[in-house]
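Here the structure comes first, spelled out in structure tokens, and everything after it is commentary.
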Amino acid sequence: MRKMFQGFLTDNEEEYKELWEKALIAVDTNVLINLYKYTTKDTYKTFFDILKELKDKNRLFIPHQVALEYFYNYEKNMNLQQEGYKKLANKLMCLKESANTNIKSIESEYPFLKIDDFKFFVKDLEEANKKVKEQLDKELESLPDVKEIENNIIELLNEIVGQSYNQKKIEAIQKDGEYRFLYKVPPGWEDDTDPNKQGFRTYGSMMYQQKYGDLIMWHQMMDKAKASSKPIIFITEEKKEDWWEKDKKAIKRPQPHLIQEFFEVTKQKFNMFRIERFVENAKTYLNIQVSNEQIENLTTQVRNIRKIAEKQLDQEYILRKKLNVSELFQYLNDGDKATFDIMLESSNDINLDGKTANFRHNKAIEWALLNSLPKLEDRVRELGVILTSYNPAMAATVFYTLKELPKNVYQRSSLLLDAIDFAESKIDFYQGQGY
């Protein structure tokens, strides 16, 4: 009976211990990418050394799909910590420039005032900027070396990455995925409507649609379990319901279907853990030498990384909803406007299902954003020049928008549109007052 309902039944202590003694440890792409996001060398080393020890014991396995997704994504994550610290320091050090501009503006507008008594504030900010620079250097020095991480991961992956599938196998998985996603069979069905997962990737002789990436990886883990006659423990930072069963928002356990399907296909057990839970178990059952303090520090940083990722997803969703199509339209040339119209019309075809219509609409918006960005930036510069004649400090704020633009097209466009709205409203005010 237990074999029929493994997904719902918890292993006893003896079975749990046996799983940890025998299992291969498979690692998800997000776990490898996280190695670039730890803010201390000790925390990075704690987790990397665990992976290295597992490899030395022939216990570590990297599905080919995991490695492929890693190489597609790691470069844009390598310098996020450095970028964050530098951006914070730049914003703080710009306060001096802003204060100086404000003082000069008031001096010009009210030459009869005794302004010199307020200039101590600029001098204080000069001293503060020196401290900011010193602190920035300390923080950057404490960060792990990203080139070292890159080289260590490449060495880690060497000889433990599984084989890729041929195109025939990929197409069979994708065809099966259409049926699975329709009925929400895990894993991967939540990617079916993710606008960032609708495109195709090609590498060498293979091509796959990104939304089926998790399903391809799932098959690779099952194939490894069959070939090695060993169970699999999967480390992942994934949190979606196509991997986990949840009690409201809290993760309860792996999706029961995954555990049952894995056993029926491979005759082996499957379990999965997020990073900190895995490390706790590895200490207990694999005799990994890691202190409680190291686990606590790792747990704190992993949870902070999750909060940032969740906040970024929430912000992108809000920005998608906030963007006004008519605002974008005015920053396109006539040819682009015609193309944009056609793309929007195709997304409104009554014969399309909701998923396809939503995908086409999002792609049309992204296309319009990319094509309007140069004109949005030109408009910000133009308005900044005009505003300089009325209020140099406000103009400096507008120009500053152009210095720290994010790479994300939604965030970039939203900031530019906000800067344009701000500048236009201030210019309208000054002109209305007869300045």
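Residue-by-condition table, conditions (1) closer than 25 Å to Leu60 by Cα; (2) open to solvent by less than 30 Å² (accessible area, probe 1.4 Å); (3) free of Cβ contacts under 8 Å to residues at least 12 places away in the same chain; (4) not acidic (Asp, Glu):
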| site | (1), (2), (3), (4) |
| --- | --- |
| Glu171 | no, no, yes, no |
| Tyr179 | no, no, yes, yes |
| Lys197 | no, no, no, yes |
| Arg201 | no, no, no, yes |
In the set Lys17, Lys52, the lone residue that is within 20 Å of Glu148 (Cα to Cα), in contact (Cβ under 8 Å) with a residue 24 or more places away in the chain and of a type outside the set (Gly, Ala, Ser) is Lys52
Is it fair to say Thr266 is under 19 Å from Glu21 (Cα atoms), open to solvent by 50 Å² or more (accessible area, probe 1.4 Å) and among the hydroxyl-bearing types (Ser, Thr, Tyr)? no
request  = Look at Tyr212 and say whether it is of a type outside the set (Lys, Arg), outside any helix (DSSP H, G or I), open to solvent by less than 60 Å² (accessible area, probe 1.4 Å) and without any contact (Cβ under 8 Å) to a residue 60 or more places away in the chain.
outcome  = no
By residue number, the members of region 37-82 that are open to solvent by 50 Å² or more (accessible area, probe 1.4 Å), part of a helix (DSSP H, G or I) and out of contact with any strand residue (DSSP E or B) (no Cβ under 8 Å at 6 or more places or on another chain) are Lys41, Asp42, Lys45, Asp49, Lys52, Glu53, Asp56, Phe71, Glu75, Lys76, Leu80, Gln82
Subset of region 238-280, residues assigned to a strand (DSSP E or B), in contact with a Pro (Cβ under 8 Å, 6 or more places away or on another chain) and of a type in the set (Phe, Trp, Tyr), comes to Trp244, Phe270
Flagged pairs (Cβ under 7 angstrom, 6 or more apart or on separate chains; first in region 267-293, acidic (Asp, Glu); second open to solvent by less than 50 Å² (accessible area, probe 1.4 Å)) are Glu276/Ile295; Glu276/Leu298; Glu276/Thr299; Glu276/Val302; Glu280/Ile295
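For (1) under 24 Å from the mean Cα position of the chain (by Cα); (2) of a type in the set (Phe, Trp, Tyr), each residue gets a yes or a no:
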{"site": "Tyr70", "(1), (2)": "yes, yes"}
{"site": "Gln82", "(1), (2)": "yes, no"}
{"site": "Lys96", "(1), (2)": "no, no"}
{"site": "Glu107", "(1), (2)": "no, no"}
{"site": "Gln135", "(1), (2)": "no, no"}
{"site": "Glu139", "(1), (2)": "yes, no"}
{"site": "Asp145", "(1), (2)": "yes, no"}
{"site": "Glu148", "(1), (2)": "yes, no"}
So, first residue within 14 Å of Leu136 (Cα to Cα) in region 79-104, second residue basic (Lys, Arg) and open to solvent by less than 80 Å² (accessible area, probe 1.4 Å), Cβ within less than 9 Å, six or more apart or across chains; the pairs are Gln81/Lys37
Out of (1) over 30 Å from Arg201 (Cα atoms); (2) hydrophobic (A, V, I, L, M, F, W, C); (3) under 25 Å from the mean Cα position of the chain (by Cα), the one Leu157 does not meet is (1)
Checked region 378-400 for anything open to solvent by 30 Å² or more (accessible area, probe 1.4 Å), in contact with a helix residue (DSSP H, G or I) (Cβ under 7 Å, 6 or more places away or on another chain) and part of a helix (DSSP H, G or I); matches are Arg379, Ile386, Thr388, Pro392, Met394, Ala396, Phe399, Tyr400
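Please report, ordered by residue number, the helices (runs of 4 or more DSSP H) entirely within region 104-199 with at least 2 residues that are of a type in the set (Gly, Ala, Ser).
Because the criterion is at least 2 residues that are of a type in the set (Gly, Ala, Ser), the helices (runs of 4 or more DSSP H) in region 104-199 that meet it are 120-142, 167-182.
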Counting only residues that are of a type outside the set (A, V, I, L, M) and either at pLDDT below 90 or open to solvent by 30 Å² or more (accessible area, probe 1.4 Å) (or both), region 181-195 contains a total of 9
A careful count of residues in region 231-253 that are without any contact (Cβ under 8 Å) to a residue 24 or more places away in the chain and either of a type in the set (Gly, Ala, Ser) or crowded, with 21+ Cβ neighbours inside 10 Å (or both) gives 1
(1) farther than 24 Å from Glu264 by Cβ; (2) of a type outside the set (A, V, I, L, M); (3) in contact with a Pro (Cβ under 9 Å, 6 or more places away or on another chain); (4) in a helix (DSSP H, G or I) all hold for Gly7 apart from (1)
Going through region 275-313 in order, the residues found to be of a type in the set (Lys, Arg) and more than 22 Å from Asp56 (Cα to Cα) are Arg303, Arg306, Lys307, Lys311
Checked region 153-169 for anything closer than 30 Å to Lys45 by Cβ and free of Cβ contacts under 8 Å to residues at least 24 places away in the same chain; matches are Ile154, Glu155, Asn158, Glu159
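The values are calculated or read from the model by the stated rules, or taken from the named source; none is laboratory data. Keep in mind that this is a model prediction, so the values were computed, not measured. Positions of Cβ are generated from backbone atoms using ideal geometry, with glycine treated the same way; all protein chains shown enter the neighbour counts. All accessible areas refer to the heavy atoms of the entire protein, side chains included, with ligands and DNA or RNA removed. Shrake-Rupley method; radii C 1.70, N 1.55, O 1.52, S 1.80 Å.
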